[in-house]
Amino acid sequence: MALKTEHMTLNMGPQHPSTHGVLRLEVELEGEIIKSVQPHIGYLHRCFEKHAEAMTYPQVIPYVDRMDYLAAMYNEFGYAVAVEKLLGIQVPERVEYIRVIMGEFQRIASHLVAVGTYGLDIGAFTPFLFCFRDRERIINLFEMTCGARMLYNYIWVGGLSHDLHPDFVRNAKEFVSYFKPKVKELNDLLSYNRIFIDRTANVGILPLETAINYGISGPNLRGSGFEWDIRKDDTYSVYNKFDFDIPVGKGLQGTVGDCWDRYYIRIQEMGESLKIIEQALEQLPEGDVTSAIPKRIKPPVGQVYSRVENPKGELGYFIISNGSPNPFRVKVKGPSFVHLGIMNELCKGHMIADVIAILGSIDIVLGEVDR
Amino acid sequence: MKNIQEIFDILKEKFGDSILELLTTLPVESFITIAPKKINEVCLFMRDNEELKFNSLMCLSGVDDANGKQVKDENGAVKIEGSTLSVYYHLESTEFRHKVTLKSSAPKENPEVESVALIWHHADWHEREAWDLVGIKFLNHPDLRRILMPYDWEAGHPLQKDYKNPEFYHGMKVPY
Amino acid sequence: MGLLDKQFAKESIVVTSLEDLLNWSRLSSLWQVGFGLACCAIEMMATSASHYDFDRFGVIPRNSPRQADIIIISGTVTLKMATRIKRIYEQMADPKYVISMGSCSNSGGPYWEHGYHVLKGVDRVIPVDVYVPGCPPRPEALLEGLLKLQEKIRNESLVKKTA
Ligand code: SF4
């Protein structure tokens with residue numbers, strides 16, 4: 001006998017422990033099966049683009065920090081690269097190296113939060129504590145460099161706000177040798193945990209064609225098995241001087257492009273970042289880090305779209321200058337914003353509990369979704 | 001890999017008058033201007049053409065050009081009249097590794113641009129954002145609603161250069 | 001019983017006033033709504049993680065506002081979010097306390113001037129007990145804010161009206 005069933009609309013958020021901030025998901029269910037997911041965003045819309053128009057170019061940097069607050073260094077990095085392109089200036093070697101070192105440390109820190117909170121969502125509390133313990137060490141390195149724990153205002157257009165602390169290189173090397181075995185620890189704790197695999201493998205499979213059409217980038221795109229990394233494929237700064245691999249999803253526990261693949265890419269990338277940091281620390285040249293900072297930043301009339309590989313994906317800045325000291329328009333293409341748009345596609349046909357697994361695996365940060 | 005001149009030539013040959021001009025004099029980035037009502041056809045062609053294969057839309061941005069003249073209305077508030085709103089499309093081919101920028105402008109009084117959301121799904125949210133913040137109407141968009149601002153926001157589109165913020169929203173004071 | 005643990009050889013009696021007992025039990029188990037808003041929420045998470053350990057003050061995140069005593073507004077409150085925050089606050093059972101963490105929820109922070117969609121201070125919608133300044137406040141600052149709140153609770157009275 002066929003039972004008469006009805007669709008049910010379920011509201012998740014904006015205050016929900018697993019939505020990684022203030023996100024509302026409107027889930028339409030048939031029993032436990034998801035028919036559609038509608039994300040409602042904007043609960044953290046902080047008017048970044050309006051602020052950018054009202055500020056001068058250097059004044060925008062603190063606001064840039066506050067977009068993706070888990071990867072503030074990289075946001076500054078991307079912004080500095082974009083404005084430098086617009087100005088047509090070169091920055092000293094040492095600056096580039098320090099930027100890369102900071103950027104890669106930030107990538108590890110950001111991935112640690114991603115992995116830790118992902119475990120938390122799936123029901124594993126301990127990895128969260130482990131990840132935050134290690135993240136705290138990276139934060140200490142940043143704090144030693146620029147005094148702030150999260151929002152740095154360190155990378156400036158044309159240079160850095162100031163040079164490294166004399167002890168930095170030693171401490172950074174210490175951290176690298178401390179953290180190397182920790183990646184394995186995380187693997188033992190989470191990656192190969194049976195329950196974790198059962199919750200994530202073969203869930204939320206993202207085919208490559210769909211991924212490209214939806215503009216997915218970063219670890220999520222690589223999870224679908226496409227070797228694409230802007231650090232290599234559209235290189236900027238001094239990334240072409242380092243030797244590192246781009247991990248791609250291979251479907252080790254299930255299908256290529258499932259949640260486990262996306263998660264595991266992040267684990268592997270931490271190792272690759274360590275490689276880059278090691279090389280950069282070895283080759284770190286001497287020099288002055290503030291010499292190339294322009295006195296007045298007034299780019300010529302023109303526009304630029306410049307992108308960098310942020311821990312979450314492709315972070316693009318589209319800047320239009322009308323020749324005044326304020327940008328005429330700054331549009332940010334935040335990877336989180338783009339990745340959230342695919343929720344519906346990924347969740348359809350799965351169980352309600354998988355929404356959490358999928359949302360965690362695409363690793364969004366709401367500050368960047370809403371800007 | 002094609003440069004922007006070659007891409008322009010291919011498009012000009014195929015679409016003729018809909019491809020308005022190629023601007024290469026500005027520093028850093030050149031772009032091709034396209035008629036707003038034809039942009040969807042051009043984009044579909046660019047995605048599927050064997051020589052171009054622009055399978056990825058990197059970014060879509062709405063801009064208020066503010067190129068009109070300023071007038072004061074009776075309350076003394078400054079309005080900009082007769083300007084245009086533009087959409088910039090940054091396309092990329094992951095296969096051939098070439099990139100191109102397109103631009104499409106429409107008058108502010110009637111800012112209608114064809115949607116490309118069905119060509120690249122990526123554009124869906126970006127177009128909603130451009131409608132929300134800049135006020136560009138995308139024709140044939142599957143679901144053109146506000147995205148970042150509240151659905152019942154009545155004060156207009158905040159990224160327009162002459163936007164005025166309201167005093168109150170639902171009884172909450174907005175200015176500092 | 002914390003400090004009194006194993007201090008007596010035999011079973012004994014402790015004499016105290018009801019007020020002190022109530023206040024003491026309130027202030028040592030401030031359960032918190034597990035709720036983060038923006039950048040400050042990351043510092044709140046760092047505070048409750050291993051290094052700073054919020055738990056030792058009895059602050060345990062609860063996922064439902066109905067079971068919580070304290071809400072930490074950690075980050076920028078936007079107009080879209082403000083009505084929801086009010087709703088969450090109303091759902092909490094009395095007695096309830098609010099810590100406003102960071103410049104944003106204190107006064108709009110960096111967004112005070114051009115933030116067309118930012119509420120300039122969460123105290124425009126709900127009453128605040130303790131303001132913690134900073135952008136973001138360090139975990140130590142948040143802990144200090146919590147100690148201030150505990151002090152406030154310690155001085156509460158059943159009979160006298162406290163501000
Ligand atoms: S006070 Fe600063 S750190 Fe906290 S939410 Fe506001 S901008 Fe972010």
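The values are calculated or read from the model by the stated rules, or taken from the named source; none is laboratory data. In this text the structure is predicted, and so the values were computed from the model without any measurement. All Cβ positions, glycine included, derive from the backbone under ideal geometry; neighbour counts span all protein chains shown. Note: areas computed on protein heavy atoms with side chains; ligands, DNA, RNA excluded. Shrake-Rupley method; radii C 1.70, N 1.55, O 1.52, S 1.80 Å.
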query = Mind listing which GluC sites (Glu not before Pro) in the range B:13-54 are in a DSSP loop and have 16 or fewer other Cβ atoms within 10 Å?
reply = B:Glu50, B:Glu51
key: Accessible surface, 1.4 Å probe, highest first, among residues A:Met55, A:Met67, B:Met1   = B:Met1, A:Met55, A:Met67
Drop in accessible area of at least 10 Å² in the complex versus isolated chain, residues of the range A:131-172, 1.4 Å probe = A:Phe132, A:Arg133, A:Arg135, A:Glu136, A:Glu143, A:Arg149, A:Met150, A:Leu151
request  = Compute the longest continuous run of chain A that contains no exposed chymotrypsin sites (Phe, Trp or Tyr not before Pro); treat a site as exposed when its DSSP state is not H, G, I, E or B and it has at most 14 other Cβ atoms within 10 Å.
outcome  = A:193-371
ask   = What's the local net charge at A:Leu87, with K and R +1, D and E -1, over the other residues with C-beta under 15 Å away?
value = +2
request  = Within the set of other residues whose C-beta is less than 13 Å from the C-beta of A:Phe226, count the net charge using Lys and Arg as +1 and Asp and Glu as -1.
outcome  = -3
request  = Mind checking the full-extension length gain between C:Arg56 and C:Leu22? Use 0.36 nm per residue of separation minus the Cα-Cα distance, one decimal, nm.
outcome  = 10.3 nm
query = Where the convex hull is taken over the Cα atoms of chain A, what is its projected area averaged over directions, in nm²?
reply = 18.7
remark   = From the Cα centre of the range A:105-167 to that of the range B:51-117, the distance in Å is 37
message = So with the 1.4 Å probe, I'd like the accessible area per residue for the protein assembly as shown, rounded to whole Å².
response = 39
task = Take the alpha-carbon positions of the range A:230-371, form their convex hull, and give its projected area averaged over all directions (one quarter of the hull surface) in nm².
result = 11.6
task = Starting from the Cα of B:Asn49, move 7 Å in the Cα-to-Cβ direction to define the label point; list residues of the range B:120-143 whose amide nitrogen is under 17 Å from there.
result = B:120
ask   = log10 I(q)/I(0), Debye, Cα-only chain C, no solvent, q = 0.15, 0.20 Å⁻¹?
value = -0.82, -1.31
message = Tell me which trypsin sites (Lys or Arg not before Pro) from the range B:27-110 have a DSSP coil assignment and no more than 11 other beta carbons within 10 Å of their own.
response = B:Arg97
Cα-centred dipole magnitude for the protein assembly as shown, charges only on beta-carbon of K, R (+1) and D, E (-1), debye, nearest 20 = 1320
key: For the range B:36-159, average projected area of the Cα convex hull in nm²   = 8.2
key: Extension reserve of the B:Asn165-B:Met1 stretch, reckoned as 0.36 nm per residue once the Cα distance is removed   = 54.4 nm
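Would you please calculate the Kirkwood hydrodynamic radius of the range A:255-322 over all C-alpha pairs and express it in Å, rounded to one decimal?
16.3 Å is the Kirkwood radius here.
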remark   = Rounded to the nearest 10, the angle in degrees between the Cα long axis of helix B:39-48 and the longest principal axis of the Cα atoms of chain B comes to 40
inquiry  = Restricting to Cα atoms and excluding each atom paired with itself, what does the Kirkwood estimate give for the range A:90-156 in Å?
reply    = 13.0
ask   = With a Cα-only, solvent-free Debye model of the protein assembly as shown, what are the log10 I(q)/I(0) values at q = 0.10, 0.11 Å⁻¹?
value = -1.01, -1.22
request  = Quick one: what are the phi-derived ³J(HN,Hα) couplings along the range C:70-77, Karplus 6.51/-1.76/1.60 with θ = phi - 60°, whole Hz, x for glycine and proline?
outcome  = 9, 10, 9, 7, 10, x, 6, 9
request  = Using all C-alpha to C-alpha distances in the range B:4-104, build P(r) with 10 Å bins and read off the rounded percent in each one.
outcome  = 14, 43, 25, 11, 6, 1
request  = Starting from the range A:285-371, pick out the GluC sites (Glu not before Pro) whose DSSP state is loop and whose Cβ has at most 16 other Cβ atoms within 10 Å.
outcome  = A:Glu286
request  = Among the listed pairs A:Lys85/A:Lys295; A:Lys85/A:Lys232; A:Lys298/B:Lys69; A:Lys173/A:Lys295; B:Lys37/B:Lys69; A:Lys331/C:Lys86, give every one whose C-alpha distance is greater than 28 Å.
outcome  = A:Lys173/A:Lys295; A:Lys331/C:Lys86
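Given Cβ point charges of +1 (Lys, Arg) and -1 (Asp, Glu) and nothing else, what value in debye, to the nearest 20, does the dipole of the range C:59-163 about its Cα centre take?
Dipole size: approximately 300 debye.
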Karplus-derived 3J(HN,Hα), 6.51/-1.76/1.60, for each residue of the range A:201-209, Hz, glycine and proline x = 6, 6, 10, x, 6, 10, x, 4, 4
note = Under the Karplus relation with 6.51, -1.76 and 1.60 and θ = phi - 60°, whole-Hz ³J(HN,Hα) for the range B:17-27, x at Gly and Pro, equal 6, 6, 8, 7, 7, 10, 10, 10, 7, 6, x
query = Put B:Ser86, C:Ser103 in order of accessible area, largest first, 1.4 Å probe: what do you get?
reply = C:Ser103, B:Ser86
query = Can you list the equivalent-ellipsoid semi-axes of the range B:46-102, largest first and in whole Å, using the square root of 5 times each Cα gyration tensor eigenvalue?
reply = 39, 9, 7
